[in-house]
Amino acid sequence: MCGIMGYIGGQEPTKIILDGLAKHEYRGYDSAGIAVINHGKIEEIRTVGRVKNLAERVAEAGLRGEFGIGHTRWATHGGVTENNAHPHVSNDNRVVVVHNGIIENAREIRDELEDKGVCFHSETDTESAVQYLGYVYDGNPKEAIVKLTGRIRGAFALVIMFADKKEIWVCRKGSPLVVGHAGNAGFCASDATALLEFTHDVWFMDDDEMARITPAGCEFFDFAGRPHAKETMHLDWNAAMTNRGSYPHFMLKEIHEQPDVMTHTLLGRVASGKIDLSSELPWTAEDVKKFRKIHFVACGTSHYATMTAAQIWETFGSFENRCEVASEYRYRNIPADESTLCIFVSQSGETADTLHAARLAKSKGAECLVITNVRGSTIHREVGNALITPAGPEIGVAATKTFTAQITVLVLLGMYIAKLKGELLPETETRLASALMDIPAKLAEILKQEHDIEHIAREFADARGFFFLGRTLSYPPALEGALKLKEISYMHAEAYPAGEMKHGPIALLDKELPVVALIPKNDMWEKTISNIEESMARKSPVIAIAAEGDQAILQYTRSVIYTPVTEPELYPFLQVIPLQLFAYYVARQRGCDIDMPRNLAKSVTVE
Ligand code: M6R
């Protein structure tokens with residue numbers, strides 16, 4: 001949700017912090033702030049709006065310091081005002097804090113401190129932490145933080161400076177935080193991508209852990225203040241991956257990366273027509289036979305990736321699958337036990353609901369596996385068993401390339417399990433493995449139609465809303481297409497299994513409500529055509545995502561985006577790029593802020 005950056009070292013800190021905040025902006029962008037320590041005094045600037053506004057204010061004011069911390073906010077407690085922006089400073093000007101998360105008992109702490117005469121100046125939960133620290137701090141930062149972490153409840157990544165100490169303190173429970181050290185400089189950030197230009201060896205903070213960062217190094221403690229050693233994790237991303245290059249938006253860059261991403265995702269996992277995940281997964285044939293039920297658990301796009309894959313799995317194996325959104329899974333009494341394989345999918349590996357669902361499944365004795373794009377993320381560390389989607393950093397708030405990487409990994413996983421169970425026919429393995437290897441080139445073909453897709457998107461950018469229709473394997477990609485459009489263009493879009501329309505939603509159709517119909521060349525083609533006819537009879541314009549060579553579709557609509565032909569099970573791989581580009585160009589036509597859509601943040605680390 002919010003983004004944090006901290007720096008202590010030999011250089012003037014404001015530029016490093018502002019650059020770091022800009023890299024975090026996709027996590028939150030309603031207000032931003034920075035604080036530095038300058039000759040034992042806290043100096044801070046906060047502003048509503050983007051990091052660039054903050055940078056202007058910092059330049060105007062000539063803010064300089066020895067070390068500092070910064071924050072870009074996604075409001076939870078308290079409106080979007082300068083006063084609620086972080087950092088927050090204690091009344092006695094001795095302590096300054098930035099925070100990501102939610103302090104659940106903030107009201108209680110505030111009441112208690114107000115009774116003791118402490119004044120509050122913002123509506124935020126964070127202020128309860130900084131005023132509490134100000135109240136208990138007696139010159140020993142570690143002791144003050146031990147007291148604080150014993151007093152607050154909820155989720156927090158807190159970064160703290162004490163005006164009289166040349167050090168930065170961090171503590172974490174439930175919200176991501178990463179620490180790094182290079183030469184004579186120490187860093188902390190919400191997201192490891194912000195540290196890549198300084199170091200590739202980082203420490204991911206664990207829950208109930210705090211650290212002291214100085215130019216000389218980093219020390220780690222538990223919440224009782226006891227020191228412990230901690231291993232670094234090596235990051236295989238590079239700093240260039242976090243640049244937009246010549247693309248106008250990260251989303252467009254990331255859409256275009258998909259052929260390469262898919263190639264990397266297949267690399268080492270498919271060879272000579274065979275799937276092999278044995279170097280990544282510990283399971284034997286005996287182990288997988290125990291998995292009588294499979295639970296896929298995720299949120300948003302990751303959830304739609306699981307829905308897509310679960311249907312593909314059905315085509316080659318006998319799986320008892322269920323796909324659940326994590327925010328429901330964690331609160332329902334869904335039976336899971338030692339015979340259940342729970343697969344958690346999360347691009348960021350930090351989504352609070354998915355993480356809590358994983359903890360629940362583990363506590364029930366289920367076998368757990370995570371599919372994530374971020375090696376070393378919280379869910380990766382907690383679950384252990386993992387398949388990494390090597391998509392590289394995804395910065396656009398709307399997930400694109402990671403969807404493709406997720407469905408690739410998930411399909412390989414299903415084939416691998418089916419193979420271990422003895423269910424995957426050798427000819428099916430060879431046929432799908434070779435078709436998967438051909439998909440990256442087909443994705444590149446689709447990208448060549450970008451201008452045609454842009455043209456169609458412009459034509460429909462003023463519609464009242466959209467329906468996305470697909471049947472069986474095309475229904476989950478329809479959901480993903482509708483989500484993309486909602487997120488970045490703010491247009492109402494709904495996805496339905498096409499056959500369900502006549503049970504109610506068809507009442508909404510008219511000439512101002514176009515239908516995007518996913519109609520690959522498979523055994524549902526004729527039935528989907530009937531649904532297209534039903535829509536046209538209500539005067540809805542139809543945009544079809546069809547397979548190359550399908551001339552018949554032109555009798556129904558001239559707005560057709562063709563995908564290359566593939567194996568019937570694999571059309572979802574090809575349907576999604578046209579939908580991503582369609583959403584992108586509708587949003588662009590409508591002048592929306594594509595990489596940072598309103599109200600959204602890239603990773604949702606609070607409930
Ligand atoms: O990082 P995760 O995959 O766990 O995130 C899940 C969702 O928050 C995410 O997919 C969200 O729906 C995206 N904005 C979709 O574009």
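All of the numbers you see were taken from the coordinates with simple rules; none came from a lab. Keep in mind that this is a model prediction, so the values were computed, not measured. Because the Cβ atoms are built from the backbone with ideal geometry, glycine has one as well, and the counts that use them run over all protein chains shown.
Across 10 Å bins from 0, what is the distribution of all Cα-Cα pair distances for the stretch 306-362, in whole percents? Histogramming the stretch 306-362 at 10 Å steps yields 21, 51, 26, 1 percent. Note that the stretch 159-169 has calculated 3J(HN,Hα) couplings of 10, 10, 10, 10, 4, 9, 10, 8, 6, 10, 10 Hz, one per residue in order, obtained from phi through the Karplus relation 6.51 cos²θ - 1.76 cosθ + 1.60 (θ = phi - 60°); glycine and proline are x. Counting pairs on different chains as well as pairs 8 or more places apart, how many Lys pairs in the stretch 1-158 have Cα atoms under 23 Å apart? Lysine pairs satisfying the spacing and distance rule in the stretch 1-158 number 6.
Each part reduced to its alpha carbon centroid, the stretch 439-497 and the stretch 239-253 end up 22 Å apart. As a length-normalised measure over Cα pairs under 8 Å and 6 or more apart, the relative contact order of the stretch 330-456 settles at 17 percent.
Here the peptides 521-530, 261-270 are ranked by packing, the mean other Cβ count within 10 Å, and the order with the highest first is 261-270, 521-530. Normalised size of the chain, defined as Cα radius of gyration per 2.2 N^0.38 Å with N residues, equals 1.01. With θ taken as phi - 60° and the coefficients 6.51, -1.76 and 1.60, list the Karplus ³J(HN,Hα) couplings across the stretch 255-272 in order, rounded to whole Hz; mark glycine and proline as x. Along the stretch 255-272, the couplings run 4, 6, 6, 4, x, 5, 4, 5, 4, 5, 5, 7, 4, x, 10, 10, 7, 6 Hz. An ellipsoid equivalent to the stretch 260-341, defined through the eigenvalues of its Cα gyration tensor, has semi-axes of 25, 18, 12 Å when rounded to whole angstrom and sorted largest first.
Extension gain for H228-E12 works out to 74.7 nm (0.36 nm per residue, less the C-alpha to C-alpha distance). Three principal axis extents of the stretch 502-555 based on alpha-carbon atoms, in descending order, are 31, 20, 14 Å. One decimal place: the segment A59-N333 gains 93.2 nm when fully extended, by the rule 0.36 nm per residue minus the C-alpha distance. Note that the stretch 200-210 has calculated 3J(HN,Hα) couplings of 10, 10, 10, 10, 7, 5, 9, 4, 6, 10, 10 Hz, one per residue in order, obtained from phi through the Karplus relation 6.51 cos²θ - 1.76 cosθ + 1.60 (θ = phi - 60°); glycine and proline are x.
Label sites at E108 and E314, each approximated as a point 7 angstrom past Cα along Cα to Cβ, lie 4.7 nm apart. Diffusion coefficient of the stretch 371-509 by Stokes-Einstein, Kirkwood radius over Cα pairs, 10 °C, 1.306 mPa s: 88 µm²/s. Here the stretch 505-524 is scanned for amide nitrogen atoms under 16 Å from the site 7 Å beyond the Cα of D438 along Cα-to-Cβ, giving 521-522.
Working from label points 7 Å from Cα in the Cα-to-Cβ sense, the D207 to Y247 distance is 3.4 nm. Legend: distances between Cα atoms for K293/K484; K362/K442; K230/K362; K173/K484; K274/K442; K442/K539; pairs beyond 28 Å are K293/K484; K362/K442; K173/K484; K442/K539. Regarding the stretch 547-606, what is the average projected area of its C-alpha convex hull, in nm²? So the Cα hull casts an average projection of 6.5 nm². Per residue, the Cα convex hull of the stretch 355-394 amounts to 59 Å³. Each peptide in 497-504, 597-604 receives the mean, over its residues, of other Cβ atoms within 10 Å, and ordering these scores from highest gives 597-604, 497-504. Using the Stokes-Einstein relation with a Kirkwood hydrodynamic radius computed over Cα pairs, the translational diffusion coefficient of the stretch 154-287 at 4 °C and a viscosity of 1.567 mPa s comes to 72 µm²/s. Expressed as a fraction of 2.2 N^0.38 Å, the C-alpha radius of gyration for the stretch 485-607 is 1.16. If you plug the beta carbon distance of W525 and E219 into 1/(1 + (r/R0)^6) with R0 = 41 Å, you get a FRET efficiency near 0.05.
Remark: the stretch 320-400 is approximated by an ellipsoid whose semi-axes, taken from the C-alpha gyration tensor as √(5λ), come to 22, 13, 11 Å, largest first. Shown here is the pair-distance distribution of the stretch 55-200: with all Cα-Cα distances grouped in 5 Å bins from zero up to the longest one, the shares run 2, 9, 18, 22, 22, 15, 8, 3, 1, 0 percent. When you restrict to C-alpha pairs under 8 Å that are six or more residues apart and normalise by the size of the chain, the relative contact order lands at 12 percent.
Once the chain from E445 to L508 is taken as fully extended at 0.36 nm per residue, the excess over their C-alpha distance is 19.2 nm.
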